[in-house]
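Below you'll find the structure, written out as structure tokens, and then a few comments.
The values are calculated or read from the model by the stated rules, or taken from the named source; none is laboratory data. Bear in mind that the values here come from a model prediction, so they are computed numbers and not experimental data. Reconstructed Cβ throughout: ideal geometry from the backbone, glycine too, with neighbour counts over all protein chains shown.
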Amino acid sequence: MLVIRFNRVGRKNHVQYRIVVQEKSKAPGGRHIKIVGSYDPHLKVVTLKKEEIETFLKNGAQPSDSVYNLLVREGVIKGEKRKVKVKHKETEEESKEEEK
């Protein structure tokens, strides 16, 4: 199954993301099929190849929650934004302590 997700690039403390299409089983920083855009959260600059994204979505690619929200905001797809699940190290450590 194909997934559209962020691939983190950029230097320390100045993150930028590529929006890539890759197999779901591959690591996010691993081999990708196609780069379909980029996103700079510091400058709020988004570059998208809308036609290619729409083609991959029609062929069954699933966007991650964060990419889905970005595509909704940019008007590539229509719909409600999704709630993004974020794991924090503190909550993981607390849950391990509770299990003991």
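For the reader, a short list of remarks on this structure follows.
- Matching entry among Gly29, Gly10, Gly37 (being more than 18 Å from Val84 (Cα to Cα) and in contact with a Leu (Cβ under 6 Å, 6 or more places away or on another chain)): Gly37
- Boolean, Leu43 is surrounded by 10 or more Cβ atoms within 10 Å (Cβ to Cβ), of a type in the set (A, V, I, L, M, F, W, C) and either closer than 12 Å to Ile4 by Cβ or modelled with pLDDT of 90 or more (or both): no
- Within the stretch 9-40, the set of residues being surrounded by 14 or more Cβ atoms within 10 Å (Cβ to Cβ) and either of a type in the set (Asp, Glu) or touching a His at 6+ places or on another chain (Cβ under 6 Å) (or both) comprises Val20, Gln22, Asp40.
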